[in-house]
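Data first, discussion second: the structure below is written as structure tokens.
The values are calculated or read from the model by the stated rules, or taken from the named source; none is laboratory data. Computed from a predicted model, the values in this text were never measured in an experiment. Cβ placement follows ideal geometry from the backbone for every residue including glycine, while neighbour counts extend to all protein chains displayed.
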Amino acid sequence: MKASFESYTLFFKNPSGTSRGVLTEKTTYLLTLTVEGKNYLGECALFKGLSADDRPNYEEKLQWVCDHINLGRDELWNQLKEWPSIQFGVEQVFQNCSYNYNREIAEDRYNPDLFQSAFMGGEQGMRINGLIWMGSIEFMREQIQQKLAQSYRCIKLKIGVDWEKEHEILTQLRKEFSAEQLELRVDANGGFTYDEAVVVLQQLATLQIHSIEQPIKAGNLEQMKALCAQTPTPIALDEELIGVFEYEDKLKLIELIQPQFVILKPSLVGGIKGSLEWIEACDIHGIDFWITSALESNIGLNAIAQWTAILYPEMPQGLGTGSLFTNNFPSRLEVKGEMLYRRK
């Protein structure tokens, strides 16, 4: 058994705006596990500027993983707690190997079967939200019209750059579509101050917005706790989870803040095992969650989608990012209306 890695730069079809800036490209890493001549592929989807493992020695750590691949999935995961995107890549290659070791996978290197479900075989789809990126008002309106034309019933808008204009768009949408007809989610990426957030949360409630992700910057725990305790609009934690590695610390954070929802991005929170620890912490307090991709290539997205499917999610998930890049890998995932399917 041996392993290797290589970097790969993904290019966005359109510059994609968030409150942290505009993205035009993203470098990711492909991890390959070789066992008896068969190659099993996974993705370590480093998110520069956001991942807790965005460090100068990232490639050195990947090489360490390759040099110590014989430690196996569980021991490697335990020794990589501060490297969540690498944890997820390790999980992918070992799951790929364990599921496909006695099967022929050479013809579908980028889209291996990983978890048995009706979704994997193409019989069942998952609802996803339509993602609207920041940009000019005209650009955002254009995206919204495209999503509505594609029959999405749940749309998520990035906000926090020009709230007055963003509020105008949301107000117009709600005039045209009731909350029963169209679920609206917003993601601020920490774009508001505490005082601004108090006002925005009330404005969102008036518009019957489903939820807001990360209204203030991560790390302001007491302020986030206060917001969640009094908010008229449900709050979902996102960036707040990044960099919390130990299970006991996850329990403490959820117990302290008591959010209405949690957003889980496997590449940012330690893969499947790390996500399951957050889910367990949320279950204790009756807090719901959904799964979202974090700009992985189709390799990582394939793994996230298959794993999410075995959780039998009812609410829309954030998994519709496969078409963002000009040079993505081949995929069996396809979006039909508001549903994500995986072709046989």
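Give me a count of the residues in the stretch 230-256 that are among the hydroxyl-bearing types (S, T, Y) and under 22 Å from the mean Cα position of the chain (by Cα).
2
Output yes when any residue across the stretch 63-79 is more than 24 Å from R343 (Cα to Cα) and assigned to a loop (DSSP other than H, G, I, E, B), and no when none is.
Yes, the conditions are met somewhere in the stretch 63-79.
With the condition kept exactly as written, say whether any residue in the stretch 53-63 is in contact with a Gly (Cβ under 8 Å, 6 or more places away or on another chain) and buried (at least 20 other Cβ atoms within 10 Å of the Cβ).
no
Go through (1) modelled with pLDDT of 95 or more; (2) under 21 Å from N111 (Cβ atoms); (3) exposed (fewer than 13 other Cβ atoms within 10 Å of the Cβ) for G37 and report which single condition fails.
G37 satisfies every listed condition except (1).
What's the total number of residues in the stretch 97-111 that are touching a strand residue (DSSP E or B) at 6+ places or on another chain (Cβ under 7 Å) and crowded, with 20+ Cβ neighbours inside 10 Å?
Residues in the stretch 97-111 being touching a strand residue (DSSP E or B) at 6+ places or on another chain (Cβ under 7 Å) and crowded, with 20+ Cβ neighbours inside 10 Å: 1 in total.
Check I159, I169 and return the single one that is surrounded by 15 or more Cβ atoms within 10 Å (Cβ to Cβ), under 22 Å from G49 (Cβ atoms), of a type outside the set (F, W, Y) and in the same structural domain as V335 (by TED's automatic domain parsing).
None of the other options fit; the residue is I159.
Assuming E296 fulfils every condition listed in (1) in a helix (DSSP H, G or I); (2) among the charged types (D, E, K, R); (3) over 27 Å from V199 (Cα atoms) apart from one, which condition is it?
(1)
Which residue, of E36, E25, E82, E91, is closer than 30 Å to L157 by Cα and of a type outside the set (S, T, Y)?
Within the list E36, E25, E82, E91, the selection yields E25.
Check V186 against each of (1) of a type in the set (V, I, T); (2) modelled with pLDDT of 90 or more; (3) surrounded by fewer than 13 Cβ atoms within 10 Å (Cβ to Cβ) and name the one condition it does not meet.
Only one criterion in (1) of a type in the set (V, I, T); (2) modelled with pLDDT of 90 or more; (3) surrounded by fewer than 13 Cβ atoms within 10 Å (Cβ to Cβ) is unmet by V186, namely (3).
So that you can scan it fast, the table gives a plain yes or no per residue for (1) among the acidic types (D, E); (2) crowded, with 22+ Cβ neighbours inside 10 Å; (3) touching a His at 6+ places or on another chain (Cβ under 8 Å); (4) not assigned by TED's automatic domain parsing to the domain that holds E314:
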residue	(1), (2), (3), (4)
G191	no, yes, no, no
Q208	no, no, no, no
E213	yes, yes, no, no
A236	no, yes, no, no
I254	no, yes, yes, no
S275	no, yes, no, no
W278	no, yes, no, no
C282	no, no, no, no
W290	no, yes, no, no
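The rows are residues; the columns are (1) part of a helix (DSSP H, G or I); (2) surrounded by 19 or more Cβ atoms within 10 Å (Cβ to Cβ).
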site: V22; (1), (2): no, no
site: E43; (1), (2): no, yes
site: I86; (1), (2): yes, yes
site: Q95; (1), (2): yes, yes
site: F115; (1), (2): no, no
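If you check A309 against the conditions, is it buried (at least 17 other Cβ atoms within 10 Å of the Cβ), out of contact with any strand residue (DSSP E or B) (no Cβ under 8 Å at 6 or more places or on another chain) and not basic (K, R)?
no
Which is surrounded by fewer than 21 Cβ atoms within 10 Å (Cβ to Cβ), of a type in the set (K, R), in contact (Cβ under 8 Å) with a residue 12 or more places away in the chain and not in a strand (DSSP E or B), of K13, K48?
Result: K48 is the single residue among K13, K48 that is surrounded by fewer than 21 Cβ atoms within 10 Å (Cβ to Cβ), of a type in the set (K, R), in contact (Cβ under 8 Å) with a residue 12 or more places away in the chain and not in a strand (DSSP E or B).
Give the residue, chosen from S267, S297, S323, that is in contact with a helix residue (DSSP H, G or I) (Cβ under 7 Å, 6 or more places away or on another chain) and touching a residue at least 12 places away in the same chain (Cβ under 8 Å).
Residue meeting the stated conditions: S267.
Filter the stretch 97-106 down to residues that are in a helix (DSSP H, G or I) and without any contact (Cβ under 8 Å) to a residue 12 or more places away in the chain, then give me how many there are.
Final tally of qualifying residues: 1.
Can you tell me which of (1) in contact (Cβ under 8 Å) with a residue 24 or more places away in the chain; (2) over 19 Å from the mean Cα position of the chain (by Cα); (3) at positive phi is the one G219 doesn't meet?
(1)
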